[in-house]
Every structure is written in C-alpha cells, then in structure tokens.
Amino acid sequence: MSNAWLKYDEKETQACMDFNKDYMAFISKCKTERVCVKESIRIAQEAGYKDFKEMMEKGESLKPQDKIYYNMMNKSLVLMHVGSDPLEKGMNLLGAHVDSPRMDLKQHPLYEKDGLAYLDTHYYGGIKKYQWVTIPLALYGVVCKKDGSVVDICIGDEEDDPVFVVSDLLIHLASKQMQQTASEVVTGENLNVTFGSIPVKDEEKEPVKKNILALLKKKYDIEEDDFLSAEIEVVPAGKARNCGLDESMILGYGHDDRICAYPSLMAQLEMKEVARTCVTLLVDKEEIGSVGATGMHSRFFENFIAEVFNALGDYSEIKVRRAFQNSHMLSSDVCAAHDPNYPEVTSDRNMGAFGEGLAICKYTGSRGKSGCNDASAEFLAKLRKIFDGNDVSWQTSELGKVDAGGGGTIAYIMGNYGMNVVDAGVPVHNMHAPNELCSKADIYEAYKGYIAFLKECK
Ligand code: MN
Ligand code: MN
C-alpha cells in the first residue's frame, strides 16, 4: 500500500483533477436514481450506445462490438458492449447502484399545522435522522397524472430556486431532548419538510395549504390528488464542493454510490474493441436491500441477457446460464474509510484509507461475515495481477472492526449465479450522511482499475 498522490507527476495529477471535476458536475446534477439514469443514457448515446428496447421492437439483430443500453423503468440501467467471443463464455461486469439515502414524500404529503404548510416524508435507506435537520433541501421527482402526462419536479438547486428544511429544536429549549439517545433525538415522523407560510385571505380552513395548492397548480399544473401517483425525493440542496486546502477531496451528497457508478460508466464507454462482452449495471434500491422490480434481486437483468442471446440469434436456456456462471464482476460500491476521529471502529491493517486507491473488499456482512459474498482467493489473485500490471493503486478493506456493525452490497446477489464477484470501490467518510467525503485519488484509481478489469479479466 502506498499513497497514490505520491506516484503522480504533474500531468497525472491534472488528469486526476480533471476526471474529478467531471464527476463533481455529475453528482451535483444527478441526485436521484431517475436523474442518474437519464443523464447516463444521454452520455452513453453520445458515445454511440443504442436503445436496445427500440432495437427489439424493430426486430433488429445484434452483432459483436454493438453498444446497447437497456432502461429499466427509468431507475436502473444496463450498458452492454457486445464482445467478439461467444456470450456464453461470460461477461466482465461492473455493478454500481444509483439510489442514495434520502427522504421520500408520503402518498398524502401535504398538510397544514399551526399556520405552516408541511410535506410529510418517509426516509429511505439507513440514515442518522438527526443529520437531516436544518440543512437546505431540494425536491426531485416525477408526478404522473391520470392523463398519462408526467411532470418533472426539480426545485432547490438553481440559484433562484427556493430550498426547503426540516426544523430542529432550539438549544435553549432542548434540555429534555439533549438527554435522549441519538436514535430518538429526531424520529422518522419528525422529518417533516417546511413548505410554506403565507395564508390566502378570507379562508378559515387550511389557508396556507390552499395557497400552496394554488402555487402547485400555477407552476406545475398539478392537483393535491396527483401526489397519489408521484415519486418525489427530498435530498440535500447545493453542489458538490472541493474539500481541503489542497482540494484533494470532495464533499457532496450521494457519493454512495455514484462515486462508483460514474467511474464505471466512464470505464465502460472507454472500451474500443472487446473480446469479452463488457457490461455496466447501474441499479436502484440497493439501500433498501436491492428489492423490487428495479433492484438487483429483480430478474430484469437475466431477462435482458436472454433477449440479447435472442437478438444474437443464439438463444438457449443453457447458454444464458453459462453466460452468468462464466462471468466476472466488480461490485463497484463504496466502503468505509478509516476515520482518525473514530479509530475505535476501524482495524489497523485491514481498513480502506484515503489516497490508497481502489478498495477491494473480499467480504462485507456482519456478525461473522453473515450475509456476505466472500470472494474467492483465486479471483483475487487474478485481479491483483491485472491491477498491478496496469499501475492501479489499490488496497484491501473491510467494513470496520469485527462485530462493530456491518452492511452489504449487491455482490452476494450476483454471486448466486455462480460467478466470481468482489466488492471494489471507493472509501468514504460519513457514509449515508447528507454530505459524504472522499479522496479524488481513489476515484481516479477506481476508474483506472475498472478500465483494466473490463479490458483484461478473462
Ligand atoms: Mn452503496
Ligand atoms: Mn449505502
């Protein structure tokens, strides 16, 4: 292990900074899985990727070196670069997730209490709720109306936009609150977003809410009932920022896991001619267990691969199964970086650290590796050779000291197919907080590592 910054000459430092500038623009713009998918499709199209759904409708066939994407309900995305080798020989997969912890609006979100309008939320993913009060918040999402039209909502990130907030109790009156445990200080039902305070004139019942409804009608042409078929996410407002006097780090929302999604996407687009089929998966719902139609547990990816075989004119059930079992995957997800402020939870030699590069996590899980994928030593040896041969700075990591806690990724789900999978991502500080911190060198090394893996793993 050595610090990646030490090996960079001026040119490579610049390349690292340039890559991260683009990454910062990406996460400043892409704060939800929907926006991530939309923007990734736009970028992929520019790189020559074609909509596989459209091709299927037209009955078009596929051939080696074709580049396609598959949009799953606007929340998950598959990018595939078809290789010259038979698909049944397996794929090289990068798999990241594009959902992040946040607050979602409830189905009946809007209400008025004591002269203020609020939006009621249900948080999504594992959060320390007390971190989400008093910070500027933005709203992103879609309102799907009965007439079939979809209204895009995006308020809080433009210079002139208003922002929103969840209030906290003033310290002067918090003597009782300060006695509570951190998990009780702010409860899930406390996470109500302050949304307005001007009442309409001559109105007795809910005058502030009425004013808000009038504004929603005027600005977005939506009614209160339209919230019933909406998905609106409350996320931190503002752009990702350079952090540290040396500007070596990035403070921003949603590093977990766009910090791996973006380098994966860029590595995928970097491929010119490939022998093994290269795939990048950007999936939804990882933060709540990879469930649902758009999570990694869904069969959508398996169905997609069957369709690809069909479009190659080579479909058979046994070939689909072989393609999966013969594949290699980097589950590109974040890991915990050693934080000198909290040394009590990180082990000495086995933690990821800032600046040491792409972090390989053989196992995650909790309480004795429970629920983890535990990558095979044979696969790790293969990766060591690839990374070392391509001057990729990399390190090993685990999720904290034994029995300190734990967690998981999509690795074990893909492991179910019998393929080789290992977690390979970027270490972060304060994971799942409204603003997470990471090192630019690690992002850049991840990008280089993903390229080397796609090109050389067989
Ligand atoms: Mn993650
Ligand atoms: Mn996470």
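Of all the numbered requirements in (1) open to solvent by 50 Å² or more (accessible area, probe 1.4 Å); (2) over 18 Å from ALA433 (Cα atoms); (3) assigned to a loop (DSSP other than H, G, I, E, B), GLU189 misses one, and that requirement is (3). Quick check: anything in the range 149-158 over 23 Å from ALA240 (Cα atoms), modelled with pLDDT of 95 or more and β-branched (Val, Ile, Thr)? Scanning the range 149-158, I find at least one residue that is over 23 Å from ALA240 (Cα atoms), modelled with pLDDT of 95 or more and β-branched (Val, Ile, Thr), so the answer is yes.
Residue-by-condition table, conditions (1) assigned by TED's automatic domain parsing to the domain that holds ALA446; (2) open to solvent by 40 Å² or more (accessible area, probe 1.4 Å); (3) among the aromatic types (Phe, Trp, Tyr); (4) outside any helix (DSSP H, G or I):
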site: LYS11; (1), (2), (3), (4): yes, yes, no, no
site: GLN14; (1), (2), (3), (4): yes, yes, no, no
site: ASN20; (1), (2), (3), (4): yes, no, no, no
site: TYR23; (1), (2), (3), (4): yes, no, yes, no
site: PHE26; (1), (2), (3), (4): yes, no, yes, no
site: ARG34; (1), (2), (3), (4): yes, yes, no, no
site: LYS38; (1), (2), (3), (4): yes, yes, no, no
site: ILE43; (1), (2), (3), (4): yes, no, no, no
site: GLY48; (1), (2), (3), (4): yes, yes, no, yes
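Scan the range 322-338 for residues that are more than 16 Å from ligand 2 (Cβ to nearest atom) and open to solvent by 10 Å² or more (accessible area, probe 1.4 Å) and the total you get is 5.
Can LYS53 be described as within 16 Å of ligand 1 (Cβ to nearest atom), outside the structural domain of THR187 (by TED's automatic domain parsing) and over 20 Å from GLU273 (Cβ atoms)?
Numbers: within 16 Å of ligand 1 (Cβ to nearest atom): no; outside the structural domain of THR187 (by TED's automatic domain parsing): yes; over 20 Å from GLU273 (Cβ atoms): yes.
Spelling it out, it is not the case that LYS53 is within 16 Å of ligand 1 (Cβ to nearest atom), outside the structural domain of THR187 (by TED's automatic domain parsing) and over 20 Å from GLU273 (Cβ atoms).
Taking the range 81-127 as the range and being assigned to a strand (DSSP E or B), of a type in the set (Ser, Thr, Tyr) and either within 16 Å of ligand 2 (Cβ to nearest atom) or open to solvent by less than 10 Å² (accessible area, probe 1.4 Å) (or both) as the test, the residues that pass are THR121, TYR123, TYR124. Within the range 198-229, being within 23 Å of ALA138 (Cα to Cα), over 34 Å from the mean Cα position of the chain (by Cα) and part of a loop (DSSP other than H, G, I, E, B) holds for ILE198, PRO199.
For the range 281-296, taking the residues that are surrounded by fewer than 16 Cβ atoms within 10 Å (Cβ to Cβ) and in a loop (DSSP other than H, G, I, E, B), the one that is farthest from ligand 2 (Cβ to nearest atom) is identified as ALA293.
Checked against (1) more than 16 Å from ligand 1 (Cβ to nearest atom); (2) touching a residue at least 60 places away in the same chain (Cβ under 8 Å); (3) outside the structural domain of GLY188 (by TED's automatic domain parsing), SER76 passes all but a single condition, namely (1). Those strands (runs of 3 or more DSSP E) of the range 370-458 in which 3 or more residues are within 16 Å of ligand 2 (Cβ to nearest atom) occupy 420-425, 427-429, 436-439.
The values are calculated or read from the model by the stated rules, or taken from the named source; none is laboratory data. In this text, all values refer to a predicted model and were calculated from it rather than measured experimentally. Heads up, the Cβs are rebuilt from the backbone with ideal geometry, glycines too, and the neighbour counts pull from every protein chain shown. Remember, those area values only see protein heavy atoms, side chains included, never the ligands or the DNA or RNA. Shrake-Rupley method; radii C 1.70, N 1.55, O 1.52, S 1.80 Å.
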